[in-house]
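Here's the structure we're looking at; comments come further down.
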Amino acid sequence: MATSPSARTARLALATALTALGLAAVPFPAGAVSAGLPAVTPRAETAALHDDAAGGDADADDPAIWRNAADPDRSLVIATAKQGGLRVYDLDARQVQSLPAPAAPGAGHAPGRFNNVDLVHGLRLSGGRADLAVTSDRGNDRLRFYRIDRDRAGGPLTDVTDPAAPPVFSTSQEEIDQQRTAYGLATWTDKASGRSYALVSRRERTTVALLELTPGAGGTVGYRKVRTLDLPAAFRLPNGTSWSPCAEPGELPQVEGMVVDPDNGTLYAGQEDVGIWRLRADLTGKPELIDKVREYGVPGTYDEATEECVAGADPGYGGKRLTADVEGLTLVTEPKGDGYLLASSQGDNTFVAYDREISDDNEYEGGFRVTAASAALDGSEECDGAAALAEPLGRRYPKGLLVVQDGHDAPGDGERPSTNFKFVDLGDVLKAVDD
(Lines give C-alpha, C1' and ligand atoms only; values in the text may rest on other atoms or scores of the structure.)
Protein backbone atom coordinates (compact mmCIF):
# COMPACT_ATOMS: atom_id res chain seq x y z
CA MET A 1 0.00 0.00 0.00
CA ALA A 2 1.05 3.58 -0.47
CA THR A 3 0.90 4.68 3.12
CA SER A 4 3.55 4.04 5.75
CA PRO A 5 2.39 2.44 9.01
CA SER A 6 3.20 5.60 10.94
CA ALA A 7 1.21 7.74 8.51
CA ARG A 8 -1.75 5.38 8.75
CA THR A 9 -1.51 5.52 12.55
CA ALA A 10 -1.45 9.30 12.35
CA ARG A 11 -4.63 9.38 10.27
CA LEU A 12 -6.43 6.98 12.59
CA ALA A 13 -5.40 9.03 15.58
CA LEU A 14 -6.63 12.19 13.86
CA ALA A 15 -10.00 10.62 13.11
CA THR A 16 -10.31 9.23 16.62
CA ALA A 17 -9.48 12.57 18.18
CA LEU A 18 -12.00 14.37 15.98
CA THR A 19 -14.68 11.91 16.97
CA ALA A 20 -13.90 12.34 20.64
CA LEU A 21 -14.30 16.08 20.20
CA GLY A 22 -17.56 15.65 18.33
CA LEU A 23 -15.99 17.35 15.30
CA ALA A 24 -15.58 14.58 12.79
CA ALA A 25 -17.22 15.14 9.42
CA VAL A 26 -17.83 11.38 9.35
CA PRO A 27 -18.43 9.04 12.28
CA PHE A 28 -15.53 6.72 13.12
CA PRO A 29 -15.19 3.84 12.50
CA ALA A 30 -16.07 4.60 8.93
CA GLY A 31 -18.22 1.53 8.38
CA ALA A 32 -21.19 3.61 9.47
CA VAL A 33 -20.58 5.95 6.55
CA SER A 34 -20.89 3.23 3.96
CA ALA A 35 -23.91 1.52 5.49
CA GLY A 36 -26.38 3.22 3.14
CA LEU A 37 -24.50 2.41 -0.07
CA PRO A 38 -25.37 -0.56 -2.28
CA ALA A 39 -23.14 -3.60 -1.98
CA VAL A 40 -21.64 -5.83 -4.65
CA THR A 41 -19.88 -9.11 -4.00
CA PRO A 42 -16.82 -10.60 -5.68
CA ARG A 43 -17.01 -13.64 -7.92
CA ALA A 44 -13.45 -14.77 -7.18
CA GLU A 45 -10.29 -13.83 -5.29
CA THR A 46 -6.59 -14.47 -5.71
CA ALA A 47 -4.54 -16.41 -3.18
CA ALA A 48 -3.43 -14.32 -0.22
CA LEU A 49 -0.04 -12.61 -0.30
CA HIS A 50 1.94 -12.18 2.90
CA ASP A 51 4.23 -9.25 3.57
CA ASP A 52 6.74 -11.16 5.68
CA ALA A 53 9.92 -13.13 5.13
CA ALA A 54 8.06 -16.43 4.72
CA GLY A 55 5.81 -14.84 2.11
CA GLY A 56 8.63 -13.23 0.16
CA ASP A 57 7.63 -9.77 1.39
CA ALA A 58 4.75 -9.81 -1.09
CA ASP A 59 2.02 -7.20 -0.65
CA ALA A 60 -0.85 -6.83 -3.12
CA ASP A 61 -1.22 -3.28 -4.42
CA ASP A 62 -2.40 -2.43 -7.94
CA PRO A 63 -3.99 -4.45 -10.81
CA ALA A 64 -4.40 -4.03 -14.58
CA ILE A 65 -6.67 -6.04 -16.91
CA TRP A 66 -5.37 -7.25 -20.28
CA ARG A 67 -8.03 -8.42 -22.73
CA ASN A 68 -7.14 -11.23 -25.10
CA ALA A 69 -8.99 -10.07 -28.22
CA ALA A 70 -8.57 -13.45 -29.92
CA ASP A 71 -9.98 -15.37 -26.95
CA PRO A 72 -11.49 -13.13 -24.23
CA ASP A 73 -11.91 -16.10 -21.88
CA ARG A 74 -8.11 -16.27 -21.72
CA SER A 75 -7.61 -12.66 -20.68
CA LEU A 76 -5.28 -11.83 -17.80
CA VAL A 77 -5.02 -9.72 -14.67
CA ILE A 78 -1.51 -8.38 -14.03
CA ALA A 79 -0.86 -7.08 -10.53
CA THR A 80 1.91 -5.70 -8.38
CA ALA A 81 3.07 -7.38 -5.17
CA LYS A 82 5.58 -4.68 -4.15
CA GLN A 83 8.82 -6.38 -3.08
CA GLY A 84 7.22 -9.63 -4.25
CA GLY A 85 7.33 -8.43 -7.87
CA LEU A 86 4.49 -9.08 -10.33
CA ARG A 87 1.73 -11.67 -10.32
CA VAL A 88 -0.30 -12.74 -13.34
CA TYR A 89 -3.74 -14.32 -12.91
CA ASP A 90 -6.35 -15.84 -15.19
CA LEU A 91 -10.03 -14.92 -14.98
CA ASP A 92 -10.59 -17.60 -12.35
CA ALA A 93 -8.09 -15.68 -10.18
CA ARG A 94 -5.56 -18.50 -10.44
CA GLN A 95 -1.90 -17.52 -10.64
CA VAL A 96 -0.29 -18.30 -13.98
CA GLN A 97 3.02 -16.49 -13.51
CA SER A 98 5.12 -14.81 -10.83
CA LEU A 99 8.01 -12.51 -11.67
CA PRO A 100 10.43 -11.30 -9.00
CA ALA A 101 11.36 -7.68 -8.47
CA PRO A 102 15.04 -6.91 -9.11
CA ALA A 103 17.49 -7.65 -6.33
CA ALA A 104 19.14 -4.78 -4.48
CA PRO A 105 22.05 -3.31 -6.47
CA GLY A 106 24.34 -3.78 -3.50
CA ALA A 107 24.61 -4.08 0.25
CA GLY A 108 22.65 -1.42 2.10
CA HIS A 109 20.49 -0.56 -0.91
CA ALA A 110 16.76 -1.19 -1.38
CA PRO A 111 15.59 -4.08 -3.57
CA GLY A 112 13.07 -3.60 -6.34
CA ARG A 113 9.55 -2.81 -5.17
CA PHE A 114 6.74 -2.76 -7.74
CA ASN A 115 4.13 -0.22 -6.75
CA ASN A 116 1.66 0.40 -9.63
CA VAL A 117 1.04 -1.20 -13.01
CA ASP A 118 -0.70 -0.15 -16.22
CA LEU A 119 -0.85 -1.32 -19.84
CA VAL A 120 0.22 0.03 -23.23
CA HIS A 121 -1.35 -1.50 -26.32
CA GLY A 122 0.39 -1.88 -29.67
CA LEU A 123 3.63 -0.06 -28.85
CA ARG A 124 5.96 -0.09 -31.84
CA LEU A 125 9.18 -1.94 -30.94
CA SER A 126 12.14 -2.90 -33.08
CA GLY A 127 10.58 -6.31 -33.70
CA GLY A 128 7.02 -5.10 -34.30
CA ARG A 129 4.10 -3.92 -32.21
CA ALA A 130 3.42 -5.39 -28.78
CA ASP A 131 1.22 -4.98 -25.72
CA LEU A 132 3.17 -4.11 -22.59
CA ALA A 133 2.69 -4.12 -18.84
CA VAL A 134 4.46 -1.12 -17.30
CA THR A 135 5.26 -0.97 -13.60
CA SER A 136 6.79 1.63 -11.30
CA ASP A 137 9.79 0.20 -9.41
CA ARG A 138 9.79 2.27 -6.25
CA GLY A 139 12.89 0.53 -4.88
CA ASN A 140 15.06 1.51 -7.85
CA ASP A 141 13.25 4.68 -9.02
CA ARG A 142 12.67 3.27 -12.48
CA LEU A 143 9.99 1.96 -14.79
CA ARG A 144 10.07 -1.66 -15.89
CA PHE A 145 8.42 -3.10 -19.01
CA TYR A 146 7.06 -6.57 -19.72
CA ARG A 147 5.94 -7.78 -23.12
CA ILE A 148 2.64 -9.70 -23.07
CA ASP A 149 2.54 -12.90 -25.14
CA ARG A 150 -0.37 -15.01 -23.87
CA ASP A 151 0.88 -18.34 -25.19
CA ARG A 152 4.62 -17.93 -24.65
CA ALA A 153 6.21 -20.96 -23.01
CA GLY A 154 7.21 -20.12 -19.46
CA GLY A 155 4.55 -17.47 -18.99
CA PRO A 156 2.92 -14.55 -20.77
CA LEU A 157 5.25 -11.80 -19.51
CA THR A 158 8.82 -11.18 -20.64
CA ASP A 159 11.02 -8.43 -19.23
CA VAL A 160 11.96 -6.03 -22.05
CA THR A 161 13.25 -3.13 -19.96
CA ASP A 162 16.14 -1.23 -21.53
CA PRO A 163 19.13 -1.88 -19.21
CA ALA A 164 20.10 1.78 -19.63
CA ALA A 165 16.76 3.07 -18.33
CA PRO A 166 17.62 5.94 -15.96
CA PRO A 167 16.13 6.82 -12.56
CA VAL A 168 12.91 8.77 -12.93
CA PHE A 169 13.53 11.38 -10.22
CA SER A 170 16.84 10.65 -8.49
CA THR A 171 20.32 11.73 -9.54
CA SER A 172 22.33 9.16 -7.56
CA GLN A 173 22.03 5.85 -5.72
CA GLU A 174 22.28 7.80 -2.48
CA GLU A 175 19.17 9.75 -3.47
CA ILE A 176 17.40 6.56 -4.55
CA ASP A 177 18.09 5.11 -1.10
CA GLN A 178 16.02 7.92 0.43
CA GLN A 179 13.06 6.32 -1.40
CA ARG A 180 11.45 9.48 -2.72
CA THR A 181 11.09 7.56 -5.92
CA ALA A 182 8.72 6.50 -8.72
CA TYR A 183 5.37 5.68 -7.15
CA GLY A 184 1.95 6.07 -8.81
CA LEU A 185 1.61 5.28 -12.52
CA ALA A 186 -0.75 5.76 -15.45
CA THR A 187 -0.10 5.23 -19.16
CA TRP A 188 -1.40 7.29 -22.05
CA THR A 189 -1.23 7.07 -25.84
CA ASP A 190 -1.78 10.46 -27.48
CA LYS A 191 -4.32 9.98 -30.28
CA ALA A 192 -2.97 12.94 -32.22
CA SER A 193 0.68 11.85 -32.36
CA GLY A 194 0.41 8.12 -31.68
CA ARG A 195 3.15 8.45 -29.04
CA SER A 196 2.86 6.59 -25.76
CA TYR A 197 3.68 7.99 -22.34
CA ALA A 198 3.74 7.16 -18.66
CA LEU A 199 2.67 9.58 -15.95
CA VAL A 200 4.62 8.86 -12.77
CA SER A 201 4.23 10.40 -9.33
CA ARG A 202 6.93 10.73 -6.69
CA ARG A 203 6.70 9.23 -3.22
CA GLU A 204 6.34 11.78 -0.38
CA ARG A 205 6.36 14.62 -2.92
CA THR A 206 3.68 16.30 -5.03
CA THR A 207 5.58 15.89 -8.31
CA VAL A 208 4.18 14.13 -11.39
CA ALA A 209 6.47 13.41 -14.36
CA LEU A 210 5.55 12.83 -18.01
CA LEU A 211 7.80 10.20 -19.63
CA GLU A 212 7.73 9.33 -23.31
CA LEU A 213 8.21 5.61 -23.94
CA THR A 214 10.97 4.88 -26.45
CA PRO A 215 11.90 1.68 -28.32
CA GLY A 216 15.42 0.37 -27.82
CA ALA A 217 17.64 -2.25 -29.39
CA GLY A 218 16.51 -5.87 -29.41
CA GLY A 219 12.88 -5.09 -28.64
CA THR A 220 13.61 -3.31 -25.36
CA VAL A 221 11.77 -0.25 -24.04
CA GLY A 222 13.09 2.86 -22.34
CA TYR A 223 11.85 6.39 -21.69
CA ARG A 224 12.77 10.04 -21.68
CA LYS A 225 11.44 12.72 -19.38
CA VAL A 226 9.33 15.36 -21.14
CA ARG A 227 8.31 17.58 -18.22
CA THR A 228 7.21 17.57 -14.59
CA LEU A 229 4.46 19.32 -12.66
CA ASP A 230 4.17 19.97 -8.93
CA LEU A 231 0.71 19.91 -7.42
CA PRO A 232 0.11 22.12 -4.37
CA ALA A 233 1.36 21.08 -0.95
CA ALA A 234 -0.47 23.86 0.91
CA PHE A 235 -3.97 25.21 0.39
CA ARG A 236 -5.64 28.54 1.13
CA LEU A 237 -8.88 27.95 3.03
CA PRO A 238 -11.97 30.18 2.82
CA ASN A 239 -11.22 31.56 6.28
CA GLY A 240 -7.92 32.92 4.98
CA THR A 241 -5.66 30.39 6.69
CA SER A 242 -3.21 28.04 4.97
CA TRP A 243 -3.59 24.29 5.42
CA SER A 244 -1.48 21.23 4.67
CA PRO A 245 -2.35 17.64 5.55
CA CYS A 246 -0.71 16.42 8.75
CA ALA A 247 2.27 14.17 8.00
CA GLU A 248 5.66 13.12 9.27
CA PRO A 249 8.28 15.89 9.11
CA GLY A 250 9.57 16.37 5.56
CA GLU A 251 6.72 14.52 3.87
CA LEU A 252 4.48 16.31 1.36
CA PRO A 253 0.99 15.15 0.30
CA GLN A 254 1.78 12.55 -2.37
CA VAL A 255 -0.16 11.28 -5.37
CA GLU A 256 -0.62 7.59 -6.12
CA GLY A 257 -3.83 6.62 -7.89
CA MET A 258 -3.91 7.99 -11.45
CA VAL A 259 -5.74 7.25 -14.68
CA VAL A 260 -5.89 8.91 -18.12
CA ASP A 261 -9.06 9.12 -20.20
CA PRO A 262 -7.86 7.82 -23.59
CA ASP A 263 -10.45 9.76 -25.58
CA ASN A 264 -9.55 13.26 -24.45
CA GLY A 265 -6.15 12.99 -22.77
CA THR A 266 -7.40 14.01 -19.34
CA LEU A 267 -5.42 12.86 -16.31
CA TYR A 268 -7.16 12.23 -13.00
CA ALA A 269 -4.73 12.15 -10.07
CA GLY A 270 -5.55 11.23 -6.50
CA GLN A 271 -3.59 13.28 -3.98
CA GLU A 272 -4.13 10.90 -1.10
CA ASP A 273 -4.96 13.28 1.77
CA VAL A 274 -6.34 16.09 -0.41
CA GLY A 275 -8.66 14.90 -3.19
CA ILE A 276 -8.90 14.24 -6.94
CA TRP A 277 -7.27 16.53 -9.51
CA ARG A 278 -8.26 16.84 -13.16
CA LEU A 279 -5.59 18.07 -15.58
CA ARG A 280 -4.21 17.61 -19.06
CA ALA A 281 -2.17 14.43 -19.42
CA ASP A 282 0.61 16.37 -21.13
CA LEU A 283 0.97 18.31 -17.84
CA THR A 284 0.23 21.67 -19.40
CA GLY A 285 -2.54 23.95 -18.25
CA LYS A 286 -3.95 24.44 -14.76
CA PRO A 287 -5.00 21.47 -12.57
CA GLU A 288 -8.50 21.58 -11.08
CA LEU A 289 -9.48 19.93 -7.80
CA ILE A 290 -12.79 18.23 -8.63
CA ASP A 291 -13.46 16.67 -5.22
CA LYS A 292 -11.92 16.83 -1.75
CA VAL A 293 -11.52 14.28 1.01
CA ARG A 294 -13.64 14.80 4.11
CA GLU A 295 -10.51 15.64 6.11
CA TYR A 296 -9.58 18.54 3.85
CA GLY A 297 -8.83 21.61 5.96
CA VAL A 298 -8.70 19.79 9.32
CA PRO A 299 -5.57 21.03 11.12
CA GLY A 300 -3.26 18.55 12.75
CA THR A 301 0.03 18.77 14.63
CA TYR A 302 2.47 15.89 14.37
CA ASP A 303 3.66 14.56 17.74
CA GLU A 304 7.09 12.99 17.28
CA ALA A 305 6.89 11.21 20.63
CA THR A 306 3.77 9.27 19.68
CA GLU A 307 4.20 9.47 15.88
CA GLU A 308 0.59 10.61 15.71
CA CYS A 309 -1.30 13.71 14.65
CA VAL A 310 -3.12 15.81 17.23
CA ALA A 311 -6.29 17.14 15.63
CA GLY A 312 -7.71 20.61 15.81
CA ALA A 313 -11.25 21.74 15.10
CA ASP A 314 -12.80 20.80 11.76
CA PRO A 315 -13.60 24.05 9.89
CA GLY A 316 -16.02 22.19 7.60
CA TYR A 317 -14.28 22.69 4.25
CA GLY A 318 -13.93 19.03 3.31
CA GLY A 319 -15.83 17.00 0.76
CA LYS A 320 -18.76 14.66 1.41
CA ARG A 321 -17.81 11.46 -0.41
CA LEU A 322 -14.11 10.58 -0.04
CA THR A 323 -12.43 9.55 3.19
CA ALA A 324 -8.64 9.72 3.03
CA ASP A 325 -6.77 8.16 1.45
CA VAL A 326 -8.20 8.57 -2.03
CA GLU A 327 -6.71 5.68 -4.00
CA GLY A 328 -7.32 3.28 -6.85
CA LEU A 329 -8.55 5.56 -9.65
CA THR A 330 -9.87 3.75 -12.72
CA LEU A 331 -12.21 4.45 -15.65
CA VAL A 332 -15.26 2.64 -16.93
CA THR A 333 -15.24 3.74 -20.57
CA GLU A 334 -18.44 3.43 -22.59
CA PRO A 335 -19.32 4.65 -26.11
CA LYS A 336 -19.80 8.35 -26.89
CA GLY A 337 -17.89 9.46 -23.80
CA ASP A 338 -20.24 7.81 -21.33
CA GLY A 339 -18.96 5.93 -18.32
CA TYR A 340 -17.54 6.58 -14.89
CA LEU A 341 -14.44 7.58 -13.00
CA LEU A 342 -14.18 5.25 -9.99
CA ALA A 343 -12.14 6.04 -6.90
CA SER A 344 -11.35 4.01 -3.80
CA SER A 345 -12.31 5.90 -0.66
CA GLN A 346 -9.85 3.96 1.43
CA GLY A 347 -10.71 5.40 4.82
CA ASP A 348 -14.31 4.12 4.82
CA ASN A 349 -13.93 1.07 2.56
CA THR A 350 -16.17 2.40 -0.20
CA PHE A 351 -15.91 3.29 -3.89
CA VAL A 352 -17.11 6.56 -5.39
CA ALA A 353 -18.40 6.94 -8.96
CA TYR A 354 -18.19 10.20 -10.92
CA ASP A 355 -19.54 10.96 -14.39
CA ARG A 356 -16.75 10.49 -16.90
CA GLU A 357 -17.88 13.46 -19.02
CA ILE A 358 -16.07 16.72 -18.37
CA SER A 359 -19.05 18.59 -19.83
CA ASP A 360 -20.97 17.37 -16.79
CA ASP A 361 -18.06 18.47 -14.57
CA ASN A 362 -17.44 14.88 -13.44
CA GLU A 363 -20.51 15.11 -11.22
CA TYR A 364 -21.06 12.56 -8.47
CA GLU A 365 -23.10 9.56 -9.61
CA GLY A 366 -23.14 7.31 -6.56
CA GLY A 367 -21.07 4.82 -4.64
CA PHE A 368 -20.87 1.20 -3.60
CA ARG A 369 -19.10 -1.26 -1.33
CA VAL A 370 -17.44 -4.59 -2.14
CA THR A 371 -18.66 -6.92 0.60
CA ALA A 372 -18.28 -10.58 1.47
CA ALA A 373 -19.86 -13.16 -0.81
CA SER A 374 -19.42 -15.90 1.82
CA ALA A 375 -17.42 -16.78 4.90
CA ALA A 376 -14.59 -17.86 2.61
CA LEU A 377 -14.80 -15.01 0.08
CA ASP A 378 -14.63 -11.64 1.83
CA GLY A 379 -14.93 -8.14 0.44
CA SER A 380 -12.42 -5.31 0.09
CA GLU A 381 -11.04 -3.16 2.89
CA GLU A 382 -8.55 -0.27 2.68
CA CYS A 383 -8.40 -0.75 -1.08
CA ASP A 384 -5.18 0.54 -2.67
CA GLY A 385 -5.57 -0.21 -6.35
CA ALA A 386 -8.42 -0.88 -8.76
CA ALA A 387 -8.84 -1.58 -12.46
CA ALA A 388 -12.02 -1.70 -14.54
CA LEU A 389 -12.54 -2.93 -18.11
CA ALA A 390 -15.96 -2.44 -19.71
CA GLU A 391 -15.49 -5.00 -22.47
CA PRO A 392 -16.75 -8.59 -22.78
CA LEU A 393 -14.41 -11.04 -21.10
CA GLY A 394 -15.92 -14.31 -22.22
CA ARG A 395 -18.37 -16.44 -20.30
CA ARG A 396 -17.21 -15.35 -16.82
CA TYR A 397 -17.56 -11.59 -17.22
CA PRO A 398 -19.64 -10.80 -20.33
CA LYS A 399 -20.19 -7.19 -19.17
CA GLY A 400 -16.64 -6.57 -18.05
CA LEU A 401 -14.60 -6.82 -14.88
CA LEU A 402 -13.59 -4.74 -11.87
CA VAL A 403 -10.53 -5.90 -9.91
CA VAL A 404 -9.90 -4.34 -6.51
CA GLN A 405 -7.14 -4.80 -3.97
CA ASP A 406 -8.12 -6.00 -0.51
CA GLY A 407 -5.87 -4.65 2.21
CA HIS A 408 -7.10 -7.14 4.82
CA ASP A 409 -7.89 -10.52 3.32
CA ALA A 410 -10.07 -12.65 5.57
CA PRO A 411 -10.11 -15.12 7.16
CA GLY A 412 -6.37 -14.63 6.72
CA ASP A 413 -3.56 -16.59 8.31
CA GLY A 414 -3.28 -15.80 12.00
CA GLU A 415 -1.27 -12.66 12.68
CA ARG A 416 0.36 -12.60 9.23
CA PRO A 417 -0.46 -9.57 7.05
CA SER A 418 -2.69 -10.86 4.25
CA THR A 419 -3.66 -9.01 1.08
CA ASN A 420 -5.07 -10.07 -2.27
CA PHE A 421 -7.30 -9.05 -5.20
CA LYS A 422 -11.05 -9.44 -5.61
CA PHE A 423 -12.71 -9.98 -9.02
CA VAL A 424 -16.12 -8.30 -9.31
CA ASP A 425 -18.58 -8.52 -12.22
CA LEU A 426 -18.65 -5.02 -13.71
CA GLY A 427 -22.31 -5.53 -14.62
CA ASP A 428 -23.09 -5.76 -10.89
CA VAL A 429 -21.16 -2.54 -10.25
CA LEU A 430 -22.95 -0.61 -12.99
CA LYS A 431 -26.32 -1.79 -11.75
CA ALA A 432 -25.43 -0.68 -8.20
CA VAL A 433 -24.34 2.77 -9.40
CA ASP A 434 -27.24 3.22 -11.83
CA ASP A 435 -29.81 2.26 -9.19
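The values are calculated or read from the model by the stated rules, or taken from the named source; none is laboratory data. All of these numbers come straight from a predicted model, not from anything done at the bench. When we count neighbours, we look across all protein chains shown, and the Cβ atoms used for this are built from the backbone with ideal geometry, even at glycine. These area figures cover heavy atoms from the full protein model, side chains too; ligands, DNA and RNA do not enter into them. Shrake-Rupley method; radii C 1.70, N 1.55, O 1.52, S 1.80 Å.
Considering only residues that are without any contact (Cβ under 8 Å) to a residue 40 or more places away in the chain and within 21 Å of the chain's Cα centre (by Cα), look in the range 196-231 and name the one that is farthest from Ala133 (Cα to Cα).
The residue in question is Asp230.
Has the range 385-393 got any residue that is assigned to a helix (DSSP H, G or I), small (Gly, Ala, Ser) and closer than 25 Å to Ala186 by Cα? Give the derivation first.
From the range 385-393, those assigned to a helix (DSSP H, G or I) are none; that's our starting set.
Checked the range 385-393: no residue is assigned to a helix (DSSP H, G or I), small (Gly, Ala, Ser) and closer than 25 Å to Ala186 by Cα.
Just give me the residues in the range 107-133 being closer than 16 Å to Thr80 by Cβ and of a type in the set (Gly, Ala, Ser), in sequence order.
Ala110, Gly112, Ala133 - these are the residues of the range 107-133 that are closer than 16 Å to Thr80 by Cβ and of a type in the set (Gly, Ala, Ser).
Only one of (1) of a type in the set (A, V, I, L, M); (2) free of Cβ contacts under 8 Å to residues at least 24 places away in the same chain; (3) not in a strand (DSSP E or B) is not met by Ala376, so which one is it?
Of everything listed in (1) of a type in the set (A, V, I, L, M); (2) free of Cβ contacts under 8 Å to residues at least 24 places away in the same chain; (3) not in a strand (DSSP E or B), Ala376 misses just condition (2).
Scan Asp131, Asp141 and give me the residue that is touching a His at 6+ places or on another chain (Cβ under 7 Å), at pLDDT 95 or above, open to solvent by less than 50 Å² (accessible area, probe 1.4 Å) and not basic (Lys, Arg).
Details: Asp141 fails: touching a His at 6+ places or on another chain (Cβ under 7 Å).
Answer to the selection: Asp131.
Of the residues in the range 39-58, how many are open to solvent by less than 20 Å² (accessible area, probe 1.4 Å) and either not aliphatic (A, V, I, L, M) or not in a loop (DSSP other than H, G, I, E, B) (or both)? Outline the logic, then answer.
To start, the set of residues in the range 39-58 that are open to solvent by less than 20 Å² (accessible area, probe 1.4 Å) comprises 40, 42, 44, 46, 49, 58.
If we keep only those that are either not aliphatic (A, V, I, L, M) or not in a loop (DSSP other than H, G, I, E, B) (or both) as well, we get 40, 42, 44, 46, 49.
Count: 5.
When you scan the range 397-410, do you find a residue that is acidic (Asp, Glu), open to solvent by 30 Å² or more (accessible area, probe 1.4 Å) and outside any strand (DSSP E or B), even just one?
The answer is no, given that none of the residues of the range 397-410 is acidic (Asp, Glu), open to solvent by 30 Å² or more (accessible area, probe 1.4 Å) and outside any strand (DSSP E or B).
Restricting attention to the range 87-104, which residues are in contact with a Ser or Thr (Cβ under 6 Å, 6 or more places away or on another chain) and in a strand (DSSP E or B)?
If the condition is that a residue be in contact with a Ser or Thr (Cβ under 6 Å, 6 or more places away or on another chain) and in a strand (DSSP E or B), then Arg87, Tyr89 are the ones that fit.
Run Ser126 past the list (1) among the hydroxyl-bearing types (Ser, Thr, Tyr); (2) open to solvent by 10 Å² or more (accessible area, probe 1.4 Å); (3) within 30 Å of Pro398 (Cα to Cα) and report the number of the one that doesn't hold.
Checking Ser126 against (1) among the hydroxyl-bearing types (Ser, Thr, Tyr); (2) open to solvent by 10 Å² or more (accessible area, probe 1.4 Å); (3) within 30 Å of Pro398 (Cα to Cα), the one that fails is (3).
Can you name the residue in the range 189-237 that is under 19 Å from Asp261 (Cα atoms) and touching a Pro at 6+ places or on another chain (Cβ under 8 Å) and is also least open to solvent (accessible area, probe 1.4 Å) among such residues?
Leu229
Looking only at the range 317-365, count how many residues are assigned to a strand (DSSP E or B) and either among the polar types (S, T, N, Q) or touching a Pro at 6+ places or on another chain (Cβ under 7 Å) (or both).
In the first step, residues of the range 317-365 are kept if they are assigned to a strand (DSSP E or B); the result is 322, 326-333, 339-345, 350-355, 364-365.
Filter again for either among the polar types (S, T, N, Q) or touching a Pro at 6+ places or on another chain (Cβ under 7 Å) (or both), leaving 330, 333, 344-345, 350.
Residues in the range 317-365 being assigned to a strand (DSSP E or B) and either among the polar types (S, T, N, Q) or touching a Pro at 6+ places or on another chain (Cβ under 7 Å) (or both): 5 in total.
Within the range 325-359, which residues are more than 22 Å from Lys431 (Cβ to Cβ) and open to solvent by less than 10 Å² (accessible area, probe 1.4 Å)? Quick ask: steps written out before the conclusion?
Looking only at the range 325-359, we keep the residues that are more than 22 Å from Lys431 (Cβ to Cβ), and these are 325-327, 346-347, 358-359.
Listed by number, the residues that qualify are Asp325, Val326, Glu327, Gln346.
Taking the range 294-321 on its own, how many of its residues are in contact with a helix residue (DSSP H, G or I) (Cβ under 8 Å, 6 or more places away or on another chain) and hydrophobic (A, V, I, L, M, F, W, C)?
4
Of the residues Tyr364, Tyr296, which single one is hydroxyl-bearing (Ser, Thr, Tyr) and surrounded by fewer than 23 Cβ atoms within 10 Å (Cβ to Cβ)?
Details: Tyr296 fails: surrounded by fewer than 23 Cβ atoms within 10 Å (Cβ to Cβ).
The match here is Tyr364.
Just checking: which of the strands (runs of 3 or more DSSP E) contained wholly in the range 210-313 hold 3 or more residues that are in contact with a strand residue (DSSP E or B) (Cβ under 6 Å, 6 or more places away or on another chain) and modelled with pLDDT of 95 or more?
Values: elements: 221-230, 255-261, 266-271, 275-280, 288-292, 300-303, 308-311.
Those strands (runs of 3 or more DSSP E) span 221-230, 255-261, 266-271, 275-280, 288-292.
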